[in-house]
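The block underneath contains the structure these notes are about, expressed in structure tokens.
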Amino acid sequence: MSRTAEEIAQAHAACLGGASTINSVIATHNKGESATREDFGHDLTHDEKKERVERSVGYLKHQKALTDWGSESFTDIDAAIAAADAFTA
């Protein structure tokens, strides 16, 4: 499969969105009882938060395994993967 530059850019943006989801869910979890309605995932149980993070990190790992990324940066994505792996361990 060969992706166009536009498809690669869209996939990278989606990965950054997934990384943001992971970071937001973990941050909300870390707030504990002080999480509010404005915090993403505030109404999820711990198990539901883990499931949400596992879905997002699975997507990131699948996308990252593709070999046609060129010069796209994975710094934030790699950090989110590491945080997700620690959170779901």
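The values are calculated or read from the model by the stated rules, or taken from the named source; none is laboratory data. This one's a predicted model, so the numbers in the text were calculated from it and none came from an experiment. Please note: Cβ atoms are built from the backbone with ideal geometry, for glycine as well, and neighbour counts cover all protein chains shown. Surface areas here come from the heavy atoms of the whole protein model, side chains and all, with no ligands, DNA or RNA. Shrake-Rupley method; radii C 1.70, N 1.55, O 1.52, S 1.80 Å.
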Quiz item: Is it true that Gly41 is assigned to a loop (DSSP other than H, G, I, E, B) and open to solvent by less than 50 Å² (accessible area, probe 1.4 Å)?
Solution: yes
Exercise. Considering only segment 2-30, state which residues are modelled with pLDDT of 95 or more, under 19 Å from His62 (Cβ atoms) and of a type in the set (Gly, Ala, Ser).
Key: Ala9, Ala11, Ala13, Ala14, Gly17, Gly18, Ala19, Ser20
Quiz item: Filtering segment 59-89 down to residues that are within 14 Å of Arg3 (Cβ to Cβ) and hydrophobic (A, V, I, L, M, F, W, C), which residue is most open to solvent (accessible area, probe 1.4 Å)?
Solution: Ala65
Exercise. Would you check which residues across segment 54-89 are aromatic (Phe, Trp, Tyr) and part of a helix (DSSP H, G or I) and list them?
Key: Tyr59, Phe87
Practice problem: Please identify the pairs in which a residue from segment 13-39 that is farther than 15 Å from Glu51 by Cα has its Cβ atom under 9 Å from the Cβ atom of a residue that is hydroxyl-bearing (Ser, Thr, Tyr) and not in a helix (DSSP H, G or I), counting only partners at least 6 apart or on another chain. | Solution: none
Quiz item: Between residues in segment 52-68 that are within 16 Å of Ala13 (Cα to Cα) and residues that are part of a loop (DSSP other than H, G, I, E, B), which pairs lie under 6 Å by C-beta distance while being six or more apart or on different chains?
Solution: Asp68/Arg3
